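Report on the structure given below.
The values are calculated or read from the model by the stated rules, or taken from the named source; none is laboratory data. Here the structure is a predicted model, which means the values were calculated and not measured. Virtual Cβ from ideal backbone geometry, glycine too; neighbours counted across all protein chains shown. For accessibility, only protein heavy atoms count, side chains too; no ligands or nucleic acids. Shrake-Rupley method; radii C 1.70, N 1.55, O 1.52, S 1.80 Å.
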Amino acid sequence: MLMLSENVSLLSHNTLKLQANARWYAELHKPADITDLRSDPRVKQLPMTILGEGSNVVLHADIPHLVVRPLMRGKAIIEALEDGALIECQAGENWDDLVRWSLDQGLYGLENLSLIPGSVGAAPYQNIGAYGVELSDLLDSVMACSVVDGHCRRFTRDQCCFGYRDSFFKSHEPGQWLVTSIRLRLSRYPRLRLEYADLQHRFESLPESQKTPEGLRSLIIALRMSKLPDPAELANVGSFFKNPVVNEQLYSQLRQRFPDLVAFSQGGGHYKLAAGWLIEKAGWKGRRLGSVGMHEKQALVLVNYGGATAAEVQELAAAVVQSVWALFAVLLEQEPVNFPVL
Ligand SMILES: Cc1cc2nc3c(=O)[nH]c(=O)nc-3n(C[C@H](O)[C@H](O)[C@H](O)COP(=O)(O)OP(=O)(O)OC[C@H]3O[C@@H](n4cnc5c(N)ncnc54)[C@H](O)[C@@H]3O)c2cc1C
């Protein structure tokens, strides 16, 4: 039964733990709930903001319209493929539960994306990625419904226009489509992805019996837990900035000035720089401004020590961007989404 609530606090709905209220709030259990909301006179004309588990949003102020939380559940193997299976998962499932479930089914491919927080529905929005694998590597298609009139359509992988932390849903028609389910092509045969030197090195030191997809998942979970603060203990939204991509000329200049520069070639004369390294070099690792700071173990993660305001978050983020610009002439771009859109 669709429930529409008024003036709901979103404090427990965002992992950065910023206080903001939604004027209207509804939890969706099936795609048709969107059509029902669009015929409710109280909210039918209002903009609709989609909130998953709130692990990649910055709430700057109250949201003066309608916030919806997709809670559709279910995951299933829907078709056997020659070397694996096509699976379908509903948007309200937790991402890491899906990764664990897929391994339990003997289906491989998602191991490197273990322990990424958030919902399945949000995963295509920014094309989640970690340790050399992105969602788009495994994705078959996405089912999404228009927030304007509720009509639903299937997007093929190509139609999703995936890029680095980017998709059709994020950049082409932002906020216009609510993902209700995704389909993934997974393999029955493990093909372990160990492109990250650190990961490969650690994996090779495992006992033979643990050199399996499950062993890789456990290794990645341990690595993530040692490097990233758990939002349940210290409020954060993971990486606060994207890794910037620069051209050959700037890369060469920086490499001369900073021989220890951390960079990855992207081909075509482009290099992705490690934003965490830039921020650390600019002196922000472990530095605190009031209730917020850049984490002591991972400078890329902005943390709320308790009771922070959105203004404090904005002030710190702006100061970090300014320092990195002054030192490297590289502009950092925020990764989490601002609500309401600034
Ligand atoms: C500790 C930590 C570590 C992280 N590590 C990684 C990482 O390694 N790699 C990575 O890629 N990300 C990482 N993140 C970011 C985050 O986990 C992902 O962005 C995740 O997909 C967000 O899911 P969510 O349900 O919390 O989305 P939310 O934060 O609620 O929403 C994020 C965006 O997605 C949109 N959205 C949500 N659900 C839907 C839907 N059903 N349909 C359409 N749009 C939707 C929202 O409108 C919003 O714009 C990390 C975050 C934290 C806190």
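Restricting Val179, Val120, Val147, Val142 to those that are over 21 Å from Gly74 (Cα atoms), within 12 Å of the ligand (Cβ to nearest atom) and either β-branched (Val, Ile, Thr) or open to solvent by less than 60 Å² (accessible area, probe 1.4 Å) (or both) reduces the list to Val147.
Scanning region 188-203 for residues that are without any contact (Cβ under 8 Å) to a residue 40 or more places away in the chain and open to solvent by 90 Å² or more (accessible area, probe 1.4 Å) yields a total of 2. Within region 204-230, how many residues are outside any helix (DSSP H, G or I), open to solvent by 40 Å² or more (accessible area, probe 1.4 Å) and near the ligand (Cβ under 10 Å from one of its atoms)? Within region 204-230, residues that are outside any helix (DSSP H, G or I), open to solvent by 40 Å² or more (accessible area, probe 1.4 Å) and near the ligand (Cβ under 10 Å from one of its atoms) number 2.
Condition check ((1) β-branched (Val, Ile, Thr); (2) more than 22 Å from His13 (Cβ to Cβ)) across all residues:
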residue: Trp95; (1), (2): no, no
residue: Gln105; (1), (2): no, yes
residue: Leu113; (1), (2): no, yes
residue: Val133; (1), (2): yes, yes
residue: Asp137; (1), (2): no, yes
residue: Met143; (1), (2): no, yes
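One residue is enough: does region 232-248 have a residue meeting the conditions farther than 30 Å from Gly175 by Cα and either more than 16 Å from the ligand (Cβ to nearest atom) or in contact with a strand residue (DSSP E or B) (Cβ under 9 Å, 6 or more places away or on another chain) (or both)? Checking region 232-248: at least one residue is farther than 30 Å from Gly175 by Cα and either more than 16 Å from the ligand (Cβ to nearest atom) or in contact with a strand residue (DSSP E or B) (Cβ under 9 Å, 6 or more places away or on another chain) (or both).
With respect to (1) open to solvent by 30 Å² or more (accessible area, probe 1.4 Å); (2) within 12 Å of the ligand (Cβ to nearest atom); (3) at pLDDT 95 or above, the lone exception for Tyr164 is condition (3).
Name the residue that is farthest from the chain's Cα centre (by Cα), counting only residues in region 12-31 that are closer than 25 Å to Val292 by Cα and open to solvent by 70 Å² or more (accessible area, probe 1.4 Å). Restricting to residues being closer than 25 Å to Val292 by Cα and open to solvent by 70 Å² or more (accessible area, probe 1.4 Å), the top hit is Gln19.
Tallying residues that are closer than 28 Å to Ala32 by Cα, open to solvent by less than 50 Å² (accessible area, probe 1.4 Å) and within 16 Å of the ligand (Cβ to nearest atom) within region 76-113 yields 11. For the criterion of being away from the ligand (no atom under 12 Å from the Cβ), in contact with a Gly (Cβ under 9 Å, 6 or more places away or on another chain) and open to solvent by 50 Å² or more (accessible area, probe 1.4 Å), Arg38 fails. Taking the listed residues Glu53, Glu134, Glu111, the one that is in contact (Cβ under 8 Å) with a residue 24 or more places away in the chain, in the same structural domain as Val8 (by TED's automatic domain parsing) and under 19 Å from the mean Cα position of the chain (by Cα) is Glu53, with no other qualifying.
Filter region 267-290 down to the residues that are at negative phi, assigned to a loop (DSSP other than H, G, I, E, B) and touching a helix residue (DSSP H, G or I) at 6+ places or on another chain (Cβ under 6 Å) and list them by number. Selection gives Ala282, Trp284.
Scanning region 41-68 for residues that are within 16 Å of the ligand (Cβ to nearest atom) and either polar (S, T, N, Q) or crowded, with 18+ Cβ neighbours inside 10 Å (or both) yields a total of 17. Looking across Leu278, Leu254, one residue alone is more than 16 Å from the ligand (Cβ to nearest atom) and surrounded by fewer than 22 Cβ atoms within 10 Å (Cβ to Cβ). It is Leu254.
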